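No value in this document is a laboratory result; all are computed from the given coordinates. Worth saying up front: this structure is predicted, and the values here are computed from it rather than measured. Glycine also receives a Cβ, built like all others from the backbone with ideal geometry; neighbour counts cover every protein chain displayed.
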Amino acid sequence: MHTSISEILKEKSLKPSRRSLPCLVQSQTHPINLNHFLSVPLSPEPKPEGDILSQGFSTSCSLLPPQTGTAEQWAILSPAKLVYSVFFLTEDGKDQYMEESEATPCETRADETLLLHKPSITRAKLEGGPDSSGLYFRDGKKRIDYILVYKKSSPQVEKRCTFEKNLRAEGLMLEKEPSLTNNDIMFVKIHVPWDALCKYAEQMNIRMPFRKKCYFTDWKSKKLGRCRQIKSWLPRNPMKLDKEALPDLEETDCYTAPFSRARMHHFTINNRETFFSNSTRSRIVHHVLQRTKYEDSKSKIGMNRLLGNNTYEAAFPPHEGGYKSRHPIKTHGAQNHRHLLYERWARWGLWYKYQPLDLIRRYFGEKIGLYFAWLGWYTGMLIPAALVGLFVFLYGLFTMDSSQVSKEICEANTTIMCPMCDDNCEPWTLSDSCVYAKVTHLFDNGGTVFFAIFMAIWATVFLEFWKRRRAELTYDWDLIDWEEEEEELRPQFEAKYSRVERVNPISGKPEPFQPLPDKVSRLMLSVSGIFFMISLVLAAVFAVVVFRLIAMKTFASFGWHFVKKNWQFATSGTGVCINFMIIMSLNVVYEKVSYLLTNLEHPRTESEWENSFALKMFLFQFVNLNSSTFYIAFFLGRFAGRPGKYNKLFNRWRLEECHPSGCLIDLCLQMGVIMFFKQIWNNFMELGYPLLQNWWSRRKMKKGGGAGQSVDNKAQLPQWDKDWNLQPMNAHGLVDEYLEMVLQFGFTTIFVAAFPLAPLLALLNNIIEIRLDAYKFVTQWRRPMPARATDIGIWHGILEGIGVLAVITNAFVIAITSDYIPRFVYAFKYGPCADKGSHYENECLRGYMNSSLSVFDMRQTNSSQFRYCRYRDYRASPWSPAPYEFTLQFWHVLAARLAFIIVFEHLVFGIKSFIAYLIPDMPKDLCDRMRREKYLMQEMMYEAELEHLQKERKKNGRRYHHEWP
């Protein structure tokens, strides 16, 4: 005997958790009862049946013979008036008339403050508004779930007609409309009826809310009650959105299970029009479009191929209406979810507010919702890193004038430095580079080592806590078991390898299989292409190095005294600008090459394709962006030689040397310029470019440039025309969005020891980036297909790899690029404090610059103006027994550098591993809640089936065993 759930609940008092609250009725949880209104269309004006048919189908395709569900299609085309009823066709072919409002088995929430229900708005007002036109078929009853766009002049008429015929055979309903702005454009509106929705929801294992009662699962209500009471006395967090500003989404408050038509009575079906959300309906249509043939051949399948051969121009789900309203949202409420997202998310004035992730997920899908959740989490974690980096920078600023090294350089009026080039260059005094030395101290000071260790630990904490946050989101959004259930083959993979099949070890069903030799050969060809493109990047870096050598020689002998005095800044600045232009030019080439190589591999699933493409894009752009930075950090000035024996490139150009105060300022300038200009360029391409394109489309539309009628008011257009005039989402989905942030994460962590302001710049950029992306998704782009995902994909592994690389690079930057180790060795071994117990930085570094400069006899170069000059190195003097040989101090510094790298890496990696071990990937209370709800769900399903069988027995007078059917 099974224990009743009511008895279980009596034994232990449980607190309502987010997903286990009573299931809300869909018609009472949307802004202004949005679902309720959208499910009750207004009665359209009667039209002659012949006119409707002539308008509904283009003359390019003849009217097809009746398919399955013909009665339902004719019901659409008839001028029937429907107010609170739904007309549908049952399995046995009998028409039934069903009331929309069924008695809900779950209690409804009485808290009206969670709803955006200000003054009540009638359905007529919503339909009559300018933003609600174009959401339904012409009969005003069937909501448009997807839009296809094609040109009448396209020669692919036969393929299109066959494809649409097969869509109707799959149970979809089609209706055609000409464009009001272009006479050559035709729209195909797609609606999925109830029977088709149920069929494909069952095939796709879509999880839907249960119809049975919802039970409380959290048993900590008593302990948390007092905490909530104390929390209510505290000031309200200004970053949180008001509860009245957003509706409570009902899907997160119900248990869910894979949909099944055989057990349909288990699910909470209060309204068939709103049971499947708009995003779910769009996913179902996309699933059908990707697997429908347009010719008899097995390879002639899928919407992607039709878009590629220009049979169709576009395919997209429609927006839910306009994003603006003539009335304020506070008094009249939101017209639709798009309007609500614009007012509560995409406005620039909300930059300090949390994001409405549940609403983003509902409108754009879980994949886009996870991206914005990760972006928000990354931005929030940047706050402590930016503050610490700012403190390190301010420490360098306040101690700049008191720095002993800067003082010695600025006061070295008699120290003559060797010429920077062999021709037309003269010796210069060390004090000429006073400003350069002071700026170097801003980024190369005592706080550099601490900040590098802090950022390495920060990267680990960020990733570990993101795992916990992701676990909570996947639980709240019901994505725990999704990956195992819904991973599907790509249509291109099925078409390519349809002749070779093997049994799937998981499902036990035959599926297309890629032979191992074919897979290895394609992979090797792709790897060869990757190495070729990386070699192209290295060739570009070599060209930049040659340019820097030529620029150094030119600026060092320039006629203008100001440029000649600041030749280091001039050389670094021009080199960085040239490098930035090369980087942005090569990025365009890399994107096309990555797309070609990924398609050549024929990945098995969409996630594999996206991961492969993302990895190639990251490798190309990471090498492209950081190769010159690695050169400056680890190679600049290391192989220049010495006066009288300089190393030359092609026996012509002297290799570049570092400043006497170090090479770190060159690295800092390289990072700052590229990071600043790249963020500006990315923001322009993300928002400015779509704005210009949409402005140009509206301009052509007003002038009738598309050979259509001129439209003065955009509000007169139906929704499909408005969406068609928007820009499509990037062809590669969220790859570009993630790639931009991951490259920024690399800049923030890999060379952060050289540029402590990088986290602050990243934080300011991301605050703008969130609202910019929100504005772009809501207003400038067509609505993307609401895809699902459980994680950020391959990007998490890339972020972990960047975290490991950051530890290594920062160790080398501190040990090799900066002057921290040479100053440390001098202070403890060669300085005035070498034999004393106490060490003060300024006192112990007295005489450091003189110790770090060697002497060269200029008579060896036939120069008679000065006898001796100084250069940066640890070499013996010309009058020593072994002139120009490395001194003992050089070997001490080298040993200290190697020792620091080993100690730093082991210490930081040990701390990172210990922190990762201490932080579990999933909170313990979440694990307990999941196990508890799994147990209660099994009990609920048993009791629901038992209750159903008892009702059937009473109705039919038959006996049923209490078993699972």
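Spin-label pair K324-S851: with each label point 7 Å from Cα along the Cα-Cβ axis, the two points sit 6.8 nm from one another. Once the chain from F684 to D423 is taken as fully extended at 0.36 nm per residue, the excess over their C-alpha distance is 89.5 nm.
If R0 is 45 Å, what FRET efficiency do you get for R347 and L397 from their C-beta distance, rounded to 0.05? Once the sixth-power term is evaluated, E becomes 0.80.
Looking at the stretch 795-858, the trypsin sites (Lys or Arg not before Pro) that sit in a DSSP loop and have at most 13 other Cβ atoms within 10 Å of their own Cβ are K836. When the GluC sites (Glu not before Pro) in the stretch 852-957 are filtered for DSSP coil states and for at most 15 other beta-carbon atoms within 10 Å of their beta-carbon, the remaining sites are E885. Shape index of the stretch 721-770: Rg/Rh, with Rg the Cα radius of gyration and Rh the Kirkwood radius from the inverse mean 1/r over Cα pairs, equals 1.19. Shown is the FRET efficiency for F542 and E843, computed with R0 = 56 Å from the Cβ-Cβ distance and rounded to the nearest 0.05: 0.80. Which of the pairs K151/K592; K467/K924; K199/K954; K553/K648; K467/K912; K367/K519 have their Cα atoms more than 20 Å apart in this structure? Long pairs (Cα-Cα over 20 Å): K151/K592; K199/K954; K367/K519. Scaled to the globular estimate 2.2 N^0.38 Å, the Cα spread of the stretch 411-482, given as radius of gyration, is 2.32.
Legend: calculated FRET efficiency, Q727 to C577, from the Cβ-Cβ distance at R0 = 41 Å, rounded to 0.05, equals 0.85.
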